[in-house]
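Below is one structure; the comments refer to it alone.
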Amino acid sequence: MESHAAPASVRLRGVTKRFGEVEVLRGIDLDVRAGEVLAVLGPSGGGKSTLLRLINGLEIRDEGTLCVLDHDVPLGPPAARPTDPWWQGLRREIGFVFQAFHLYPHKTALENVMLGPVTVLGRSADEVRASAMSLLERVGLGHKADVLPRKLSGGQQQRVAIARALAMDPKILLFDEPTSALDPEMSAEVIDVMRDLAAQHDRTLVVVTHEFGFAREGADRVAFLEHGRILEVGPAAEVLDSPKHERARAFFERVL
């Protein structure tokens, strides 16, 4: 499934991130190729979510270089970024699906999906409505278009959140443990949508997850992250079945 010729969508070199005296990421080197699906696995507290937030600009690295979609992302205070047109343009190319759904409770499923293209891209509601409806149908929720989030199950809300991220047509889509708040049945609904997205290979997906079935079946590569370091990265089946690093081997033996 790998394509070594594909250019990198994301490149990190020597990236570190500290919160106070705690070093959460320690010299991360990683390439994520255009169109590939990378699953990031590892124990809780290892820095996986922070890695995604750095790529998306929700956190700012302390050291190292970060290149996203051929743009070198400068270091700088987070407060300056919301008003930086260059940075905002890049952010529009990166979708983020959070653990919590973060839907607007007073807006219907369809209105939540339409919100980004209307408010951020300045498109008219009439122009956006048909494509937003198509995205809801893609995640199996066309029949819930006029329903408020409180009347949707957790799995349905997360699928609306995925449709909302897709509405901006991002080149990179980041998932931060999107099934962690769901029961197994609801998780399966979301994983099915993620598998469909992974199979398309029309955008780059970076998925922080504990869903090892998705990592094995849907990911091109797996990265194992612990204590802020990437200990192993390679083809999904190779890393999951025959990990080279002792710590990765112990982790997979215990959880699988």
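The values are calculated or read from the model by the stated rules, or taken from the named source; none is laboratory data. In this text the structure is predicted, and so the values were computed from the model without any measurement. Positions of Cβ are backbone-derived with ideal geometry, glycine not excepted, and every protein chain shown enters the neighbour counts.
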Q) So which residues in the range 238-254 are touching a helix residue (DSSP H, G or I) at 6+ places or on another chain (Cβ under 8 Å) and either among the polar types (S, T, N, Q) or outside any helix (DSSP H, G or I) (or both), if there are any at all? A) Pro243
Q: Kindly indicate the residue of the range 162-187 that is touching a Phe, Trp or Tyr at 6+ places or on another chain (Cβ under 7 Å) and either closer than 17 Å to Ala219 by Cβ or charged (D, E, K, R) (or both) and also surrounded by the fewest Cβ atoms within 10 Å (Cβ to Cβ) among those meeting that condition.
A: Asp176
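Residues are listed down the side, and each one gets a yes or a no for (1) closer than 18 Å to Leu197 by Cβ; (2) of a type outside the set (Lys, Arg); (3) touching a helix residue (DSSP H, G or I) at 6+ places or on another chain (Cβ under 7 Å); (4) modelled with pLDDT under 95:
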position: Gln99; (1), (2), (3), (4): yes, yes, no, yes
position: Leu110; (1), (2), (3), (4): no, yes, yes, no
position: Thr119; (1), (2), (3), (4): no, yes, no, yes
position: Ser131; (1), (2), (3), (4): yes, yes, no, no
position: Leu135; (1), (2), (3), (4): yes, yes, yes, no
position: His143; (1), (2), (3), (4): no, yes, no, no
position: Asp146; (1), (2), (3), (4): no, yes, yes, no
Q) Which of the following residues is out of contact with any Leu (no Cβ under 6 Å at 6 or more places or on another chain), surrounded by fewer than 21 Cβ atoms within 10 Å (Cβ to Cβ) and not polar (S, T, N, Q): Val139, Val190, Val147, Val207? A) Val147
Q. Which number in (1) in contact with a strand residue (DSSP E or B) (Cβ under 7 Å, 6 or more places away or on another chain); (2) farther than 29 Å from Gly89 by Cβ marks the one condition that Leu173 misses?
A. (2)
Q | Flag for Gly57 being without any contact (Cβ under 8 Å) to a residue 40 or more places away in the chain, within 30 Å of Ala215 (Cβ to Cβ) and within 16 Å of the chain's Cα centre (by Cα) | A | yes
Q.
If I filter the range 6-22 for residues that are part of a strand (DSSP E or B), at pLDDT below 95 and under 23 Å from Ala236 (Cα atoms), do I get at least one hit?
A. yes
Q: Kindly indicate the residue of the range 185-237 that is charged (D, E, K, R) and part of a loop (DSSP other than H, G, I, E, B) and also nearest to Leu41 (Cα to Cα) among those meeting that condition.
A: Glu211
Q | Search result, residues across the range 218-233 that are among the small types (Gly, Ala, Ser) and at positive phi | A | Gly228
